[in-house]
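The values are calculated or read from the model by the stated rules, or taken from the named source; none is laboratory data. On a predicted model such as this, the values are computed, not experimentally measured, just so you know. Note that each Cβ is placed from the backbone with ideal geometry, even for glycine, and that neighbours are counted across all protein chains shown.
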């Protein structure tokens, strides 16, 4: 009885062909010596053993093994046929065949079978799933050969190395550029032409937020550029109490006292429940800085005011939303400045006390003491001298 394996059957047939005895005349057969018999048997056995040692490829060439059916899978959007040799072949057998025929290891294999079956990948939850049950379904194989994975990893590593070198070169270039092109005159000018003291109204809610708002205005790139260009120096930048500057007809947005001694800005909403739009307040600041030069709202005033506004807008390289304390300085109910006034012109004379209302009644505060006009001027001079000294000390010696 012949064995079931086609390779074994091929070997057996080749051995039988080799050892099939020849028919000799009776007289020659009798004359054959025992030594000749032994040699013949030994040679036949040797040839049979050599036939059993044939390579698998040679045996496959000698005997063509037919598959029972083929399963079509989609790999990279191209159909590929995988032969199946067993009636009871499972999904695990299909995975092994793909690993052998397509050189895609099981770890890289993913089968998307539709409809219904879903996504399968080794090790399978149900490794005995019959291939017969899914052969008519759409089977998409997602995977890459070991060589492809290695090539991809190599490309990624090379790309990361190039990006690292480029990043290091850019950082080194920035450092060198910063050291060489530092404009120390600009540093000294910014220390001279600035807001020398910044303070909120301590008796209003959350003065620390107002402090950050005022500091943001003072550090605005456009404001700093314009102040340096026009030589503006402000002793005190503070906020305005909305209740003290609101009437039925209008709301005042800002005040400039004594041509830059004090600038007040309306930061808060009328209900004290938020802060007004940053750009509206910055535009008000441009208006008040113009009063450092011109007191009346005449043609000269408006010409300079528009010039300052254009300079600030042009130098605003940090366009977009900015937040302080994770909150936008924006009031959705603040619909513009149609019913508001920047001010009534430059204000001169009188005493100004930070922490006291404009009608002269002082308010107690635990966060800071009120400042008189003389103290404001002294404080501004002290801050100005301090900043100029720091800028001078930081400048390199030639």
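Yes/no per residue for (1) within 31 Å of the chain's Cα centre (by Cα); (2) modelled with pLDDT under 90; (3) more than 30 Å from residue 81 (Cα to Cα):
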| site | (1), (2), (3) |
| --- | --- |
| 139 | no, no, no |
| 148 | yes, yes, no |
| 153 | yes, yes, no |
| 159 | yes, yes, yes |
| 165 | yes, yes, yes |
| 172 | yes, yes, yes |
| 175 | yes, yes, yes |
| 186 | no, yes, yes |
| 192 | no, yes, yes |
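Residues to consider are 204, 253; find the one that is buried (at least 22 other Cβ atoms within 10 Å of the Cβ) and either touching a strand residue (DSSP E or B) at 6+ places or on another chain (Cβ under 7 Å) or closer than 30 Å to residue 272 by Cβ (or both). Of 204, 253, the one residue that is buried (at least 22 other Cβ atoms within 10 Å of the Cβ) and either touching a strand residue (DSSP E or B) at 6+ places or on another chain (Cβ under 7 Å) or closer than 30 Å to residue 272 by Cβ (or both) is 253. When only residues in the stretch 101-113 that are over 14 Å from residue 80 (Cα atoms) and without any contact (Cβ under 8 Å) to a residue 24 or more places away in the chain count, which is surrounded by the fewest Cβ atoms within 10 Å (Cβ to Cβ)? Per the criteria, the residue is 107.
Scan the stretch 274-286 residue by residue and report those that are crowded, with 21+ Cβ neighbours inside 10 Å and in a helix (DSSP H, G or I).
281, 284, 285, 286
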